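Take a look at the structure set out below.
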Amino acid sequence: MKKCENQEKNKKDCTCDYEPCERKGICCECIAYHRGKGQMPACLK
Ligand code: SF4
């Protein structure tokens, strides 16, 4: 996965409590992953 320069900043505001997720703070990856499964990311529920 690409390094995201905003990851640490985004993680501070992330409301998802699934801890081992490698996408946490990389919001484009998070949205694409859940959208592909017909789901909403935790922060949009
Ligand atoms: S919503 Fe899904 S992809 Fe996004 S941080 Fe949580 S577990 Fe990871």
Degrees separating the helix 27-36 axis from the principal Cα axis of the chain, which is the longest one:
20 degrees
Rounded to the nearest 20 Debye, what is the dipole magnitude of the chain about its Cα centre when Lys and Arg each give +1 and Asp and Glu each give -1 at the C-beta?
140 debye
Expressed as a rounded percentage, what relative contact order does the chain have, with Cα pairs under 8 Å and six or more residues apart?
34 percent
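What is the local net charge at Thr15, summed over the other residues whose Cβ is closer than 12 Å to its Cβ (Lys, Arg +1; Asp, Glu -1)? Before the final figure, lay out the partial values.
Details: positive: Lys11, Lys12, Lys24, Lys45; negative: Asp13, Asp17.
After counting each charged neighbour, the total is +2.
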Nearest-0.05 FRET efficiency for Ala32 and Glu5 at R0 = 30 Å, using Cβ-Cβ distance, is 0.95
Gain on full stretching of the segment that runs from Asp13 to Ala42 - 0.36 nm per residue minus C-alpha separation
9.2 nm
Pairs Lys3/Lys45; Lys9/Lys37; Lys3/Lys24: which exceed 23 Å Cα-Cα?
Lys3/Lys45; Lys9/Lys37
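As a check on your grasp of the helix formula, calculate [θ] at 222 nm for the chain: sum -39500 (n - 2.57) over DSSP H runs of n ≥ 4, divide by the residue count, round to the nearest 500. Intermediate results must be reported in sequence, preceding the final value.
Details: 2 runs with 17 residues, N = 45.
So the calculated ellipticity at 222 nm is -10500 deg cm²/dmol.
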Fewest-first ordering of Lys37, Lys24 by Cβ atoms within 10 Å yields Lys37, Lys24
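The numbers here are math on the coordinates, done by the rules we state, and not lab data. Everything numeric here is computed off the predicted structure, so don't read it as measured data. Every residue, glycine among them, receives a Cβ derived from its backbone with ideal geometry; neighbour counts consider all protein chains shown.
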